[in-house]
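Here is the structure we will look at, set down as structure tokens.
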Amino acid sequence: MKSMLGSIVSLGICVALAGCAAQDPQQALDQAHAEYQGIVNDPQVQRSAPKDVVRAGEALERAQRFADYLGGAEDAIHYAYLSQRYSQIARHHSEQLLNQERASRLGLERERLRQLLQEARLLDAQQGRWLDDQMLSLAAAETDRGLVVTLGDVLFKTESAELEASANRTLLKLVAFLQLNPQRKVRVEGYSDNSGDATENLLLSRARARSVSRTLTDLGIDTARIEVVGYGERFPVAENASVRGRALNRRVEIVLSDEQGELGPIR
């Protein structure tokens, strides 16, 4: 039995050695070099698996040195293979870290929404004089387009459509108002200043309006009750010549329908 097992192991080693001998050292080096360049040029891999990147580089250097020696082909192939494996391991570790970071962000976002919903339920429990109080606390302005709630630029991250936590209270009040008035609808309108590229400003204004709309739907408002539009640089409320004026123009306006659910015409 032992003799048979020894024969099988010996045969396996012979096959492996024959395979290595049959491989072209330059081809192995080229493959290892291509793999290594891929991870070296990827900042995410460099950040998440620096030790594996270093090991891949060291193994590649050894492979190159052995390739320059007469009779060093087998060692060159061996270290080229090790370099490739370290490169692949580095990329795998990078992907693992990315997935963990995505899961962490999703977890934080779910927790944020859970807290928002909890606050919304607490607020909804206080329905006594809610309607009048909410309209006052929302600071809704009466305009020719109807009641308008304005979210200023400070409620968004700089040059981003991501809402700051400070916007939650206003949106929770709006959600509570809409829950108490199920016939009402809203139009979420995004605006920008005139700094930079007009097309990018238009896209950012739409993205901010969509971000507000998504938060409203996440908190239970039916999407059928929400319209979204971005106006970009159009319809400024202040002069764009000053810092304060531009900040006022970077805003999201939430237009409320009348009690019958009729929204005014789009601008």
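Just a few scattered comments:
- Listed by chain and number, the aspartates and glutamates placed with their C-alpha closer than 20 angstrom to that of K185 are D124, D132, D133, E142, D144, D218, D222, E227, E253, D258, E259, E262; residues fewer than eight positions away on the same chain are left out.
- Least to most buried among K51, K185 (fewest other Cβ within 10 Å first): K51, K185
- Sequence ranges 186-192, 247-253, 27-33, ranked by mean other-Cβ count within 10 angstrom, highest first: 186-192, 247-253, 27-33
- The T143 and N194 beta-carbon pair, evaluated with R₀ = 25 Å, returns a calculated FRET efficiency of approximately 0.70.
- Length gained when the stretch R110-R225 is fully extended (0.36 nm per residue, less Cα-Cα span): 39.1 nm
- Listed values for the range 257-267 are Karplus-derived 3J(HN,Hα) couplings in whole Hz (6.51 cos²θ - 1.76 cosθ + 1.60, θ = phi - 60°), namely 6, 6, 5, 8, x, 8, 8, x, x, 5, 4, and x replaces Gly and Pro.
None of the figures in this text is laboratory data; all of them are computed from the coordinates on show. Please read all numbers here as calculations on a predicted model, not as lab measurements. Here the Cβ is made from the backbone with ideal geometry for all residues, glycine too, and neighbour counts use every protein chain on show.
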